[in-house]
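The values are calculated or read from the model by the stated rules, or taken from the named source; none is laboratory data. Source: prediction; values computed, not measured. Positions of Cβ are backbone-derived with ideal geometry, glycine not excepted, and every protein chain shown enters the neighbour counts.
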């Protein structure tokens, strides 16, 4: 039981990262085995080890820290232990207060001293993960329902292992259909996406009747956030959210994954202000050149004009239009093109940005769809008049996002280097993928002028595919 | 159902590019070919036939052969062993696109590394069906209406839905849901598949089509084999070319010597004929001499025209038939002896010295076993080369002048032309060939 406490302390020291629980636990099991062996070696060292848990001691390197341990043996042990501690704090993520089942402890104790030095095989790792409780429905307690779509229901839940809140996306499996394509794609893409601005998939529970995806839980989505602050966001926060959105998106695009359903409802925000892309049900990888792509993508309000006109040959710029719409929405508090039909949507777009001509959109005059609509000739209105709160650089970014021609739209990678984000400093650009920008001191949310306290409405979190298509 | 499925796997119809072309859409990934390009490549190389309207919605026989072979190897379980007939049936019923097939092969490869235990348990027929099903589901993107359900896959594979569902669940678990594929992996598999198809079809047929050879040339191993072959071939060609040139050079050298000899005997006949020839050829000299394109390859046209001219010359001089006969005889002997000498020479040299650009080596080791006259002639030719600095840089063997360029004949009769006439580069000097000239020339060339 003493050992258990040690582990708990270790875990509670570690910072939550975006690695999946699976990895961290496998790591944990290995650590456990290693420690067990050392336990037989010298029980007397355990107090020493505890002293190492204080973060300050991490500054001591094993080489010059020789004075810390009286004998060479204990020095070696200390060095070894320190290393594994670093490793733990680096790699362990979620299990803050993990409660391991007693059977597992017994099992781990049984095989400890002999084969502890050997790395775990894949199979035994998976088996131990399953023993811990991963991939099992009973590990998670369902709390309130957060939203429901035609094929999936999202619950707020709690993990019995970590006592952390999770979001459970439960997909009912139709007997004839098997695992739906959207789910297959969402899972396989999210498994590849490990980034501070992309929602983390912790676990998958696949049974005969349902497929449950366990995500990290975030309090709000951007839509709710906007509602909560009375659609009046602080412009500094707009910038921080925009940066995180573009950062997450540039990571996806680097991996050749298109999100294809960007909208405020799919951008989750936690109390720290971290923004994460969610709902990859419509996403697809463009890494394998395939035939047509569906053009029933992207919620109507955020759908780019080329897709509205029926284009199925699209690439990463399809997401950039939506980013522009979201920027406008954050800056003004209202959606930019709230159309209800394709025609109305196009009409709204052309009224604001001007009816496209061959100069603004090459070869548009030969587009049959476009000609069939017969829109009147509108002049482009200056965006400044519509978003007075956005500064000049912000307007510049917005206008390079809302361009008719795909290839002219700014890319996510270029976007995060845009002068609009200069005030955030240089360091945000050099962060590792899995580090949140809020680890930097200079990045802090400011109070939104219209904030009404934390009244969260957990309704209609558009986490399902069918909801998201009009 | 078939209709529905065919909608989903609607092969790769060549789309007419109304809107923006694929290049601009793929701008973010410049190394990825657009879909039309890929389908064109697949159509050609995986034997989908040349008709543009032929939909690519099942597996071609060569591809099926290879898939069956690979799957049998990957999943060695003897139960429900995959047969080509079954593979063909499934691919026809489910309208499998070549892209799904390749993706399925990527997954099987991945399983082989990640989870070999799973492959031991599953039968190859099931693996075939389920990997294709998951690959198509992953790729599928045609809107909700056209989704293919597992029961339809079950019907295509003659399995019931429950089995298909369980298989799917196990497969996804075994591969740990990692279905995302990097383009590099995909194209690796495509290249491998193309290579196997080309190899197998070529061997079956007994010869390789143009496309087959193109495909095979892209493969690493074949590329190496081919380049080795090329190297050997070039080496052989170099040796042979050199031998030939040496022979021809010796021939002309001896002819020239004989001319000289006969000229001393019969000046009156010989001198006018040279006078008639040389100015015409002299025109060519400035034009062709500086050309750096003179390389070994162009140096090999046959000496036939020269020989012909030689004959004409002899015909023009009916009075010297005896001389002509003697000339032929000496020519032949010179040829034979020159070849022999050269062969001995070549063998003694390491092969890399035989490369056409290090002919210096050759020219220095040029001991001709021919007659004394021959040797003298050789030296005189060398003088000519030196007279042109550009050529000197290339350091051609003396023989380079002989048969190849338009001035070949000039060289062949160049014996009497004094070096001064040649070295004055772009001027045509009247050439007076007299016996005195010859004597002077001789002393100039061979001062000893």
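Observations, loosely collected:
- Test result for residue B:92, part of a loop (DSSP other than H, G, I, E, B) and touching a residue at least 12 places away in the same chain (Cβ under 8 Å): no
- Residue in the stretch B:142-164 that is modelled with the highest pLDDT, counting only those that are under 17 Å from residue A:182 (Cα atoms), at the interface with another protein chain (Cβ under 9 Å from one of its Cβ atoms) and surrounded by fewer than 22 Cβ atoms within 10 Å (Cβ to Cβ): B:149
- Across the stretch B:105-118, the number of residues qualifying as crowded, with 17+ Cβ neighbours inside 10 Å, more than 11 Å from chain A (Cβ to nearest Cβ) and more than 35 Å from the chain's Cα centre (by Cα) comes to 3.
Residue-wise test of (1) within 14 Å of chain B (Cβ to nearest Cβ); (2) farther than 27 Å from residue B:189 by Cα; (3) at pLDDT 90 or above.
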| site | (1), (2), (3) |
| --- | --- |
| A:297 | yes, yes, no |
| A:314 | yes, no, no |
| A:318 | yes, yes, yes |
| A:335 | no, yes, yes |
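- Of the residues making up the stretch A:239-259, those that are buried (at least 24 other Cβ atoms within 10 Å of the Cβ) and closer than 26 Å to residue B:135 by Cβ number 4.
- Residue A:135 being buried (at least 16 other Cβ atoms within 10 Å of the Cβ), within 14 Å of chain B (Cβ to nearest Cβ) and either touching a helix residue (DSSP H, G or I) at 6+ places or on another chain (Cβ under 9 Å) or not in a strand (DSSP E or B) (or both): yes
- Of the criteria (1) within 14 Å of chain B (Cβ to nearest Cβ); (2) touching a residue at least 60 places away in the same chain (Cβ under 8 Å), which one residue A:260 fails: (2)
Residues checked against (1) surrounded by fewer than 18 Cβ atoms within 10 Å (Cβ to Cβ); (2) within 32 Å of the chain's Cα centre (by Cα); (3) in a helix (DSSP H, G or I):
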position: A:314; (1), (2), (3): no, yes, no
position: A:318; (1), (2), (3): no, yes, yes
position: A:321; (1), (2), (3): no, yes, yes
position: A:351; (1), (2), (3): yes, no, yes
position: A:365; (1), (2), (3): yes, no, yes
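- Residue match in the stretch A:206-220 (condition: assigned to a helix (DSSP H, G or I) and at pLDDT below 95): no
- The lone criterion from (1) over 29 Å from residue A:428 (Cα atoms); (2) surrounded by fewer than 21 Cβ atoms within 10 Å (Cβ to Cβ); (3) touching a helix residue (DSSP H, G or I) at 6+ places or on another chain (Cβ under 8 Å) left unmet by residue A:297 is number (2).
- Residues satisfying the criterion are present in the stretch B:176-189 (criterion: farther than 28 Å from residue B:80 by Cβ, touching a strand residue (DSSP E or B) at 6+ places or on another chain (Cβ under 8 Å) and modelled with pLDDT of 85 or more).
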